[in-house]
1. Considering each of 211, 219 in turn, give the residue that is closer than 19 Å to residue 132 by Cα, touching a residue at least 60 places away in the same chain (Cβ under 8 Å) and assigned to a helix (DSSP H, G or I).
2. Hey, among 160, 99, which residue is crowded, with 17+ Cβ neighbours inside 10 Å and touching a strand residue (DSSP E or B) at 6+ places or on another chain (Cβ under 9 Å)?
3. State the number of residues belonging to segment 133-148 that are touching a strand residue (DSSP E or B) at 6+ places or on another chain (Cβ under 8 Å) and outside any loop (DSSP other than H, G, I, E, B).
4. For segment 163-181, enumerate the residues that are farther than 23 Å from residue 226 by Cβ and surrounded by fewer than 16 Cβ atoms within 10 Å (Cβ to Cβ).
5. Look at residue 198 and say whether it is more than 8 Å from the chain's Cα centre (by Cα) and within 13 Å of the ligand (Cβ to nearest atom).
6. When you go through 201, 235 one by one, which is the residue that is in contact with a strand residue (DSSP E or B) (Cβ under 9 Å, 6 or more places away or on another chain) and buried (at least 19 other Cβ atoms within 10 Å of the Cβ)?
7. Which residue is farthest from the chain's Cα centre (by Cα), if the candidates are limited to segment 135-163 and must be closer than 27 Å to residue 110 by Cβ and within 14 Å of the ligand (Cβ to nearest atom)?
8. Tally up the residues in segment 98-134 that are within 15 Å of the ligand (Cβ to nearest atom) and over 17 Å from residue 166 (Cα atoms), please.
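Nothing in this text is a laboratory measurement; each read-out follows from the coordinates by a stated rule. Remember, it's a predicted structure, so these values are computed and weren't measured experimentally. Glycine also receives a Cβ, built like all others from the backbone with ideal geometry; neighbour counts cover every protein chain displayed.
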Ligand SMILES: [Zn+2]
């Protein structure tokens with residue numbers, strides 16, 4: 001008997017078994033399910049949240065994406081941001097209104113949720129970059145909110161027909177305003193619980209899933225190290241991250257995928 005072959009076969013089977021378990025864990029995590037092999041996954045969200053549902057209204061894209069082989073030096077397409085609607089008892093909160101064209105903004109809101117712009121109670125801006133408030137004027141009946149530093153920047157820009165109110169409290173007693181500096185100094189995101197999951201509408205604190213995977217700030221970040229630490233903090237508190245320019249994703253995929 002060739003002991004080297006025997007050893008190799010045993011080693012192979014052990015490694016193959018391990019790989020299969022690892023694969024099952026990854027698959028279960030990707031599907032949001034629970035794997036017996038992995039043990040019960042502990043989600044971070046509370047079940048008694050006042051948030052009833054949330055929907056991505058527009059899936060954003062970047063003007064240039066280094067993970068697609070594009071240079072940071074110049075934009076190659078128009079950027080739009082990811083816009084999200086958070087709905088709870090008595091409120092509809094829109095995050096980062098993305099579309100400058102009123103008809104398009106209304107159409108996307110209707111396609112994803114069936115509601116009209118006038119049904120939105122409040123609009124929150126994560127930061128003062130133009131693509132994150134491009135559609136704000138289409139919600140004249142809503143309250144306009146941002147963290148105080150962002151509101152000040154927006155109000156002094158003279159680009160808006162009326163003032164944005166600074167807020168730091170829990171919005172509608174359901175949604176937390178959290179400081180997420182790095183992309184800009186005053187950037188703030190929203191965190192809330194829904195269906196037992198902890199969800200962060202990150203704005204540009206996270207550009208896309210690829211940027212989050214490498215904890216990399218977008219090319220125009222004011223502080224890349226601070227951006228990375230902010231993403232670490234978001235990974236610790238979120239099950240799901242809604243980035244500024246991509247579809248939403250599981251925050252812990254990095255640890256489960258190895
Ligand atoms: Zn930005």
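1. Numbers: 219 fails: assigned to a helix (DSSP H, G or I).
After ruling out the rest, the residue left standing is 211.
2. Numbers: 160 fails: crowded, with 17+ Cβ neighbours inside 10 Å.
After ruling out the rest, the residue left standing is 99.
3. The initial filter retains those residues of segment 133-148 that are touching a strand residue (DSSP E or B) at 6+ places or on another chain (Cβ under 8 Å), namely 133-136, 139, 142-148.
If we keep only those that are outside any loop (DSSP other than H, G, I, E, B) too, we end up with 136, 143-146, 148.
Qualifying residue count, segment 133-148: 6.
4. At the first step, the residues of segment 163-181 found to be farther than 23 Å from residue 226 by Cβ are 163-165, 169-175.
The answer is 163, 165, 169, 170, 173.
5. no
6. On the way: 235 fails: buried (at least 19 other Cβ atoms within 10 Å of the Cβ).
The conditions single out 201.
7. Here is the first cut: in segment 135-163, the ones closer than 27 Å to residue 110 by Cβ are 135-146, 154, 159-162.
From the residues that got through so far, the ones that are within 14 Å of the ligand (Cβ to nearest atom) too are 146, 154.
Values: 146: 17, 154: 22 Å.
Result: 154.
8. If we filter segment 98-134 for residues that are within 15 Å of the ligand (Cβ to nearest atom), which is where we start, we get 98, 124-134.
Among the residues that remain, those that are also over 17 Å from residue 166 (Cα atoms) are: 98, 130-131, 134.
Number of matching residues: 4.
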